[in-house]
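Please read the structure below before turning to the comments.
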Amino acid sequence: MNELESQLHYPLGDDLPPAGRCITVAPGVKWVRMALPFALNHINLWLLRDELDGRQGWSIVDCCIHKDEAKAQWEDIFAHALDGLPVLRVIVTHMHPDHIGLAHWLCQRWNVDLWISALDYQVAKFGTMGPTAFGGERAADFFALHGLNAPDTVAQIRARTNYFPSLVPSVPDHYHRLLDGQTLRIGDHSWRCISGYGHAPEHIALYCEDLNVLLGGDMMLPRISTNVSVYEQEPEANSLALFLDSIDKFKPLPADTLVLPAHGKPFTGLHTRIQQLHDHHRDRLAEVLQACSAAPCSAADILPVLFKRPMDLHQTTFAIGESIAHLHALWFDGKLQRTLDTDGVLRFSASR
Ligand SMILES: [Zn+2]
């Protein structure tokens, strides 16, 4: 446990749900944990006791990626954790593959509908439409513009055209729209949608006042800081500013709110965590500003400033998006200016 993490409280201690089983974390709220084949090796999924159109059952919150192993893990859960009741709906916090990958399969498997924000539904749908919707050619050009232009790196990114559809081959043909401030009745309780930006197009966290529980998705993680990136589809996004504004929307929630994050363990200490994330990004922004004051920097030049560990290509493509997000926050703030150099690379320097 790192020092910042030790300032949070984990009411369930080191307990983790065993494979194919779950742990009840609040009345009618069960925690499922599934393996992921990435550096981030697991995701937390949630079962909420529900009643829909007079039928008793469960709502699922988030789905895991499209992989046979994940389907098998779900079948195990269905057999052992639902008290013999059906799944009544599938709720997805945002469109990243570990959250929406199996939504189409779950909805078909139970003949139920998907609940998600409109923006994340549309972007996920777009991502499934063809191998070059995300990544590939345009991502390679975008990263090269930001200094990731070694020929073998560009070639590898260009060749990576199937990343999203391989994990999310399809999404359901229709959905129920989740909107900020909307209240969703799930079983005996009301859950309020809280939108968040900067990590996904329109992430929805859910807060239940009766239970004092926040389903934080990826917006409120206890150990790692949420990935905040700029992508080729919206090349001049100010994602970090959006993210920092969004986490402040959790500030009015009670200090003892039980946060159920998509990765890591359930925790309390929401306000401490919000402050930690602000401090973290403030320090990173100061380092980026310092580097750009010493010499003009591309996002690729900023990678070793923000990330002190060796990274493979997959991690580098996430990291470069984070570097751009930090540069953009300072650029939109007027602290940096931008030049397109004759080598075709954007570099940022301290504003005069
Ligand atoms: Zn995510």
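General remarks:
- Residue check, Gly217 within 12 Å of the ligand (Cβ to nearest atom), on the phi > 0 side of the Ramachandran plot and either open to solvent by less than 10 Å² (accessible area, probe 1.4 Å) or touching an Asp or Glu at 6+ places or on another chain (Cβ under 8 Å) (or both): yes
- Residue in segment 92-112 that is within 25 Å of Ala300 (Cβ to Cβ) and open to solvent by 40 Å² or more (accessible area, probe 1.4 Å) present: no
- Residue in segment 146-163 that is touching a helix residue (DSSP H, G or I) at 6+ places or on another chain (Cβ under 6 Å), within 25 Å of Ala325 (Cβ to Cβ), within 16 Å of the ligand (Cβ to nearest atom) and outside any helix (DSSP H, G or I) present: no
- Contacts under 6 angstrom Cβ, first residue in segment 256-270 being among the basic types (Lys, Arg), partner within 16 Å of the ligand (Cβ to nearest atom), 6 or more apart: none
- Filter pass, Ile186 being of a type in the set (A, V, I, L, M), within 16 Å of the ligand (Cβ to nearest atom), farther than 25 Å from His66 by Cα and crowded, with 20+ Cβ neighbours inside 10 Å: no
- Test: residue in segment 53-62 that is away from the ligand (no atom under 14 Å from the Cβ), open to solvent by 20 Å² or more (accessible area, probe 1.4 Å) and of a type in the set (S, T, N, Q): yes
- Candidate set from segment 236-252 (those that are surrounded by fewer than 20 Cβ atoms within 10 Å (Cβ to Cβ) and not in a helix (DSSP H, G or I)); member that is nearest to the ligand (Cβ to nearest atom): Asn238
- Residues located in segment 65-87, provided they are more than 15 Å from Pro172 (Cα to Cα) and of a type in the set (A, V, I, L, M, F, W, C): Ala70, Ala72, Trp74, Ile77, Phe78, Ala79, Ala81, Leu82, Leu85, Val87
- Every residue from segment 122-142 that is within 18 Å of the chain's Cα centre (by Cα), among the small types (Gly, Ala, Ser) and not in a loop (DSSP other than H, G, I, E, B): Ala124, Gly127
- Considering residues of segment 220-235 that are more than 30 Å from Ala144 (Cβ to Cβ) and away from the ligand (no atom under 14 Å from the Cβ) only, the residue modelled with the lowest pLDDT: Arg223
- Output for segment 163-178, where each listed residue is open to solvent by less than 80 Å² (accessible area, probe 1.4 Å) and either free of Cβ contacts under 8 Å to residues at least 60 places away in the same chain or out of contact with any strand residue (DSSP E or B) (no Cβ under 6 Å at 6 or more places or on another chain) (or both): Tyr163, Phe164, Pro165, Ser166, Leu167, Val168, Pro169, Ser170, Val171
- Residues located in segment 189-201, provided they are within 16 Å of the ligand (Cβ to nearest atom) and open to solvent by 20 Å² or more (accessible area, probe 1.4 Å): Tyr197, Pro201
- Members of segment 110-140 found to be among the charged types (D, E, K, R) and either modelled with pLDDT under 95 or in contact with a Phe, Trp or Tyr (Cβ under 8 Å, 6 or more places away or on another chain) (or both), listed by number: Asp113, Glu137, Arg138
- Qualifying residue in segment 18-41 (condition: among the polar types (S, T, N, Q), under 30 Å from His278 (Cβ atoms) and open to solvent by 70 Å² or more (accessible area, probe 1.4 Å)): yes
- Restricting the search to strands (runs of 3 or more DSSP E) fully inside segment 1-99 and requiring at least 1 residues that are among the aromatic types (Phe, Trp, Tyr) and under 22 Å from Val259 (Cα atoms) gives 29-35, 42-52, 55-61.
The values are calculated or read from the model by the stated rules, or taken from the named source; none is laboratory data. The shown structure was predicted, so the numbers you read here are calculated from the model rather than taken from an experiment. So basically every Cβ, Gly included, is an ideal-geometry build from the backbone, and we count neighbours across all protein chains shown. Please note that ligands, DNA and RNA were not included when accessible areas were found on the heavy atoms of the full protein model with its side chains. Shrake-Rupley method; radii C 1.70, N 1.55, O 1.52, S 1.80 Å.
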